[in-house]
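The next block holds one structure in the form of structure tokens; read it before the comments.
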Amino acid sequence: MLDIRWIRENPDILAKALMKRGQSQASAESTVSDLIQKDEDRRAHLGELQVKQERRNAASKEIGNAMRAGDSARAEELQAEVKGIKEFIQNGEARERELDKALNDALAVIPNIPMDDVPIGKDEHDNVKVREWGTELITERQPRMGNKPKEHFEIGEALGMMDFERAAKLSGSRFTVLKGKLARLERALGQFMLDVHTNEHGYEEIQPPLLVRDEAFFGTGQLPKFEEDLFFAPHTSGRVGLIPTAEVPLTNLVREEILDAKTLPRRMTALTPCFRSEAGSAGRDTRGMLRQHQFDKVELVSITDAETADAEHERMTGCAEEVLKRLGLPFRTMLLCTGDMGFGSRKTYDIEVWLPGQNAYREISSCSVCGDFQARRMEARYRPEGEKQTRFVHTLNGSGVAVGRALIAIIENYQNEDGSVTIPEVLRPYMGGMEKIGRA
């Protein structure tokens, strides 16, 4: 969430930022004007309430003076005035809550301000390639795949270890049943990623709840704007939702807290199932495992300060890239344009892995720096050493990486013409020394 004081002082900057994100000039200016008007209405009302409260206090003192002076008529007149003021204040406090809600609701759907080095663009076609890795592997592996590399679902079904039909009977579309060695390979991938991030990259492993309250979704920006993307369940206290990413519980671990600056940065990781309704994705990636309602992902979250956030963003992206390098999966890192960037992000790198079956790069990780946008929603602060004043923390999140998509990438990049899949060397210790997966 953005600071209304900053908006008040920089209306043109916000309008330009909204235009960079795809709003028309008229729409952007109208949005900013509406925010400022709501803020002015609220401040004007608070000013009126303050005047009334000051008058009530003064009148109460005058009542005592009048009574001591024996002026009962004046005392009664003042008492009537105080009664009227109290009624006004009571009604005014209800109005204050209404004005607060109107302003906060309007602020809650305003996206974050893109950083200056984020390219301006409309969609993924305007993203900018930053670097690529492993292109020589694409050429090197081509001969053993045959004339036309197969997609992961063709290979998985032929192996008898990937079952979409039975998954549909259980749960409907966009679910998968993995069996045998492919199920073990997915488990191995998750454990390998956690080991790299905890043992080498300095992240603390967390096992968070998979169901969280609305307040947690609001804190990281899923609510109120993206409610249709979430799955909810009834709860004794109202409702809870299944997490779409471990970013939600991990980031909210510092919710409503004041952290010691010496403890920053805090780096956390978790391997969890993730649940997404995939609203708006009808007809996209309907075959296979690429776009699922349920999938596993290793998430990375950093809590830091303004001075180190940008460096932490580069570091986090490098941690995710390292996983793909060790798995021998070719990838490219893209800097997202303003039109393709997430709601809460100031800057995002997408890492796209090469899928020979599709002859295309597809996203496998997204690493974002959010500034203090989420922290304001969560009331998460830190106190710099030697200072009394607290500041909002800066938050970052990234996939380190999506386990299901890593499995897809391994199946396609390590496929052999006979239908078997070679297991990357770094995963073989997790697979009991197994070197290849073939049909039993």
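Details
- Only listed residue being in contact with a Leu (Cβ under 9 Å, 6 or more places away or on another chain) and under 23 Å from ALA409 (Cβ atoms), chosen from PRO244, PRO265, PRO249: PRO244
- The stretch 314-328 residues that are at positive phi, paired with ones that are not charged (D, E, K, R) (beta carbon under 6 Å, 6 or more apart): GLY328/PRO424
- ARG5, sole failed condition from (1) farther than 29 Å from ASP123 by Cα; (2) within 27 Å of the chain's Cα centre (by Cα); (3) surrounded by 12 or more Cβ atoms within 10 Å (Cβ to Cβ): (3)
- Any chance PRO143 is outside any helix (DSSP H, G or I) and not assigned by TED's automatic domain parsing to the domain that holds LYS20: no
- Qualifying residue in the stretch 201-222 (condition: under 13 Å from ARG377 (Cβ atoms), surrounded by 14 or more Cβ atoms within 10 Å (Cβ to Cβ) and either modelled with pLDDT under 95 or not assigned by TED's automatic domain parsing to the domain that holds ASP372 (or both)): no
- If the condition is being loosely packed, with under 15 Cβ neighbours inside 10 Å and not charged (D, E, K, R), then the stretch 68-88 contributes ALA69, GLY70, SER72, ALA73, ALA80, GLY84.
- Any hit, the stretch 229-239, residues being of a type in the set (Asp, Glu), out of contact with any strand residue (DSSP E or B) (no Cβ under 8 Å at 6 or more places or on another chain) and assigned by TED's automatic domain parsing to the domain that holds LYS297: yes
- Here VAL421 fulfils each of the conditions (1) aliphatic (A, V, I, L, M); (2) more than 23 Å from the chain's Cα centre (by Cα); (3) within 24 Å of CYS274 (Cβ to Cβ) apart from (3).
- Flag if PHE175 is assigned to a helix (DSSP H, G or I), in the same structural domain as ALA279 (by TED's automatic domain parsing) and in contact (Cβ under 8 Å) with a residue 24 or more places away in the chain: no
Conditions (1) of a type in the set (Lys, Arg); (2) closer than 30 Å to THR338 by Cα; (3) at pLDDT below 95, marked per residue:
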| residue | (1), (2), (3) |
| --- | --- |
| GLY92 | no, no, yes |
| ASP105 | no, yes, no |
| VAL109 | no, yes, no |
| ASP126 | no, yes, no |
| ILE138 | no, no, no |
| GLN142 | no, no, yes |
| GLY146 | no, no, yes |
| MET161 | no, no, no |
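- Selection status of LEU335, on the phi < 0 side of the Ramachandran plot, in contact (Cβ under 8 Å) with a residue 40 or more places away in the chain, of a type outside the set (Ser, Thr, Tyr) and out of contact with any Gly (no Cβ under 8 Å at 6 or more places or on another chain): yes
- Residues of the stretch 224-243 satisfying the condition of being surrounded by 11 or more Cβ atoms within 10 Å (Cβ to Cβ) and in a loop (DSSP other than H, G, I, E, B): PRO224, LYS225, PHE226, LEU230, ILE243
- Output for the stretch 78-126, where each listed residue is closer than 29 Å to ILE13 by Cβ, in contact with a Ser or Thr (Cβ under 7 Å, 6 or more places away or on another chain) and either of a type in the set (S, T, N, Q) or assigned to a helix (DSSP H, G or I) (or both): ASN112
- Output for the stretch 337-365, where each listed residue is under 30 Å from ARG141 (Cα atoms), crowded, with 24+ Cβ neighbours inside 10 Å and not acidic (Asp, Glu): TYR349, ILE351, VAL353, TRP354, ILE364, SER365
- Within the stretch 387-440, the residues that satisfy the criterion of being touching a Gly at 6+ places or on another chain (Cβ under 9 Å), over 30 Å from SER302 (Cβ atoms) and part of a loop (DSSP other than H, G, I, E, B) are TYR414, ASN416, GLU417, ASP418, GLY419, SER420, GLY438, ARG439, ALA440.
The values are calculated or read from the model by the stated rules, or taken from the named source; none is laboratory data. Predicted model, so just to flag it, every value in this text is computed and none were measured. Neighbour counts run over all protein chains shown; Cβ positions are idealised from the backbone, glycine included.
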